Amino acid sequence: MLEPLTQSKYQTSLDINPAEQLAKNKSSQAVLRQWLDEEVTPEDLNERKQFWEEFKEIIDSNRESGCNVKCQVVRRVATG
């Protein structure tokens, strides 16, 4: 079970106080909690694994050889 979030070292914005950040995160926390509590059947798990593998293949097929996503972004920014 997830523990309630408090201010942490991961909060990097200086423009928002911890209480405001926690309030902004409530809906995301609820969705994550729902996903973690979800019962997944073996069939669903297999479907999800197959989908993930197909998704990775699609992404990789559009990537330069030997280059990960970060590499592509850096190249695009550098070349304008």
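Could you please find all residues in the stretch 34-52 being surrounded by 10 or more Cβ atoms within 10 Å (Cβ to Cβ) and of a type in the set (D, E, K, R)?
Matches in the stretch 34-52: ASP44, GLU47, ARG48, LYS49.
Note down all Cβ pairs under 6 Å where the first residue falls in the stretch 26-49 and is without any contact (Cβ under 8 Å) to a residue 24 or more places away in the chain and among the aromatic types (Phe, Trp, Tyr), the second is part of a helix (DSSP H, G or I) and surrounded by fewer than 11 Cβ atoms within 10 Å (Cβ to Cβ), and they're at least six residues apart or on different chains.
Matching pairs, first to second residue: none at all.
So, in the stretch 5-38, of the ones that are part of a helix (DSSP H, G or I) and among the basic types (Lys, Arg), which residue ends up modelled with the lowest pLDDT?
The qualifying residue modelled with the lowest pLDDT is LYS24.
The values are calculated or read from the model by the stated rules, or taken from the named source; none is laboratory data. Keep in mind it's a predicted model, so treat the numbers as computed, not measured. No Cβ is skipped: glycine too gets one built from the backbone with ideal geometry, and neighbour counts run over all protein chains shown.
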